[in-house]
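Colleague: Quick one: this structure, given as structure tokens, is what I'll be asking you about.
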Amino acid sequence: MNPSTPSATASPWRVRARPFDFLLQPGRAALVVIDMQRDFIEPGGFGASLGNDVSHLAAAIAPVQALLALWRAQGWPVVHTRESHGPDLSDCPPAKRERGQPSLRIGDPGPMGRLLVRGELGCDIVPEVAPWPGECVVDKPGKGAFYATALQAHLQALGVTQLVVAGVTTEVCVQTTLREANDRGYDCLLVEEATASYFPAFKQAAIEMVVAQGGIVGWAAHLEDLLQADPAPAGR
Ligand code: C5J
């Protein structure tokens with residue numbers, strides 16, 4: 001299916017989710033994969049420079065691969081994001097660069113090149129979930145994927161109304177993007193196994209914040225429940 005022309009008659013896929021089932025609209029639900037970059041996932045990157053145990057994030061790779069396989073097989077829209085800055089750091093607020101006492105700061109040279117700088121090895125998405133040619137890659141200077149990017153225009157051009165969200169880290173860039181998307185009117189489904197945090201308790205807390213109060217930010221589903229959903233009519 002061409003994602004820019006979703007079928008008006010396609011039946012929704014009923015996905016078991018919290019706080020209640022999510023009716024995924026074929027062709028209108030974009031998969032948004034947040035910041036699966038070497039700089040967050042691999043030793044020697046930005047995440048490690050902040051003192052984090054980056055090994056926690058590897059668990060999200062295989063689930064993200066499974067989501068990408070489904071979206072690509074269906075021809076549905078895929079968006080990858082990268083938290084990144086230009087080489088001159090003009091899009092990096094000094095407060096962001098100077099905060100804390102990291103071993104290396106944004107823009108400093110590390111084992112994978114300058115941290116979070118576009119074009120450097122560490123800024124790349126890890127090869128297991130690398131974008132395919134033609135897939136949308138959004139470089140974002142902030143934590144949220146809508147801030148100072150063309151993401152909203154891109155999704156509107158495709159007729160997207162729902163976001164299925166994965167990536168790292170759950171309580172920072174994933175949660176910020178979910179909240180931005182919610183305020184822009186998107187229905188958002190967070191896939192639990194396909195997101196990870198350096199702090200497992202923060203991951204769980206962020207998921208609970210999304211689904212609390214009747215889904216005040218969105219829905220959360222297990223990967224298997226999404227993979228086992230099918231195009232049967234929602235009322236089956
Ligand atoms: C962080 C992110 N944690 N992608 N970025 O600084 O969540």
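Colleague: Using a simple charge model, +1 on the beta-carbon of Lys and Arg, -1 on the beta-carbon of Asp and Glu, nothing else, what dipole does segment 57-112 show about its Cα centre, in debye to the nearest 20? Please report the intermediate quantities before stating the final value.
Modeller: Values: 6 positive and 5 negative charges, 30 e Å.
In total the dipole reaches around 140 debye.
Colleague: Give the calculated FRET efficiency between ALA10 and LYS96 to the nearest 0.05, with a Förster radius of 41 Å applied to their Cβ-Cβ distance. Spell out each step's value before the answer.
Modeller: Details: r = 42 Å, r/R0 = 1.02.
Once the sixth-power term is evaluated, E becomes 0.50.
Colleague: I would also like to ask the following. Treating only the Cβ of Lys, Arg, Asp and Glu as charged (+1, +1, -1, -1), what charge dipole size does segment 110-214 show about its Cα centre? Round to the nearest 20 debye.
Modeller: 300 debye
Colleague: Taking all pairs of distinct Cα atoms, average 1/r, flip it, and tell me the Kirkwood hydrodynamic radius of the chain in Å to one decimal place.
Modeller: So the Kirkwood estimate lands at 17.9 Å.
Colleague: Rolling a 1.4 angstrom probe over the protein heavy atoms, how many square angstrom per residue are accessible across the chain?
Modeller: Details: 9970 Å² over 236 residues.
The answer is 42 Å² per residue.
Colleague: Positive end of the dipole of the chain, charges at C-beta (+1 Lys, Arg; -1 Asp, Glu), about the Cα centre: which of ALA229, LEU89, GLN25 has its Cα farthest in that direction?
Modeller: Most positive-ward Cα: GLN25.
Colleague: Let me know the charge dipole size of the chain about its Cα centre in debye, to the nearest 20, where only the beta-carbon of Lys, Arg (+1) and Asp, Glu (-1) is charged.
Modeller: 360 debye
Colleague: So, one more: For the chain, build the charge dipole from Cβ charges (+1 Lys, Arg; -1 Asp, Glu) around the Cα centre, then report which of THR170, LEU190, GLY113 sits farthest towards its positive end.
Modeller: Of THR170, LEU190, GLY113, it is LEU190.
Colleague: While we're here: Provide the gained length on full extension for the span ASP108 to SER55, in nm with one decimal, where the gain is 0.36 nm per separating residue minus the Cα-Cα distance.
Modeller: The span from ASP108 to SER55 would gain 16.9 nm if fully extended.
Colleague: Same structure again: Provide the packing ranking of 32-40, 116-124, i.e. peptides ordered by the mean count of other C-beta atoms within 10 Å per residue, highest first.
Modeller: Final packing ranking: 32-40, 116-124.
Colleague: With every protein chain left in place and a probe of 1.4 Å, what is the accessible surface of PHE46, to the nearest 10 Å²?
Modeller: 20 Å²
Colleague: Once you've got the GNM for the chain with C-alpha springs shorter than 10 Å, pick whichever of ALA30, ALA157, ALA66 has the biggest mean-square fluctuation.
Modeller: Maximum among the listed residues: ALA157.
Colleague: Further, regarding this structure: Where both residues lie in the chain, what percent of DSSP beta bridges are antiparallel, nearest 5?
Modeller: Values: 7 of 33 bridges.
Antiparallel: roughly 20 percent of the beta bridges in the chain.
Colleague: Please find, in a Gaussian network model of the chain (springs between Cα atoms separated by less than 10 Å), the residue of ALA194, ALA17, ALA212 whose mean-square fluctuation is greatest.
Modeller: Highest fluctuation of the listed residues: ALA212.
Colleague: Shifting gears a bit: Quantify, in whole percent, the carbon and sulfur part of the accessible surface of the chain (1.4 Å probe; protein heavy atoms only).
Modeller: Details: 5540 of 9970 Å².
The value for the chain is 56 percent carbon and sulfur by accessible area.
Colleague: Taking a temperature of 10 °C and a viscosity of 1.306 mPa s, what whole-number D in µm²/s does Stokes-Einstein yield for segment 139-236 with Rh from Kirkwood over alpha carbon pairs?
Modeller: Answer from the Stokes-Einstein relation: 112 µm²/s.
Colleague: Using only the heavy atoms of the protein chains and a 1.4 Å probe, how would LYS143, LYS96 rank by accessible area, largest first?
Modeller: LYS143, LYS96
Colleague: If you take every residue apart from ARG18 with its C-beta less than 12 Å away from the C-beta of ARG18, what net charge results, scoring Lys and Arg +1 and Asp and Glu -1?
Modeller: -3
Colleague: So how exposed is LYS203, as accessible area in Å² (1.4 Å probe, rounded to 10)?
Modeller: For LYS203, solvent-accessible area is about 40 Å².
Colleague: Continuing with this model, one more query. To the nearest Å, what is the center-to-center distance of segment 183-236 and segment 83-157, using C-alpha atoms only?
Modeller: Cα centres, segment 183-236 to segment 83-157: 25 Å.
Colleague: Follow-up question, since we're still on this one. For segment 107-189, what mean projected area does the convex hull of the alpha carbons give, in nm²?
Modeller: Mean projected area of the Cα convex hull: 6.2 nm².
The values are calculated or read from the model by the stated rules, or taken from the named source; none is laboratory data. Predicted model only: the values in this text are computed from it and were never measured. Positions of Cβ are backbone-derived with ideal geometry, glycine not excepted, and every protein chain shown enters the neighbour counts. SASA here: full protein model, heavy atoms, side chains in, ligands and nucleic acids out. Shrake-Rupley method; radii C 1.70, N 1.55, O 1.52, S 1.80 Å.
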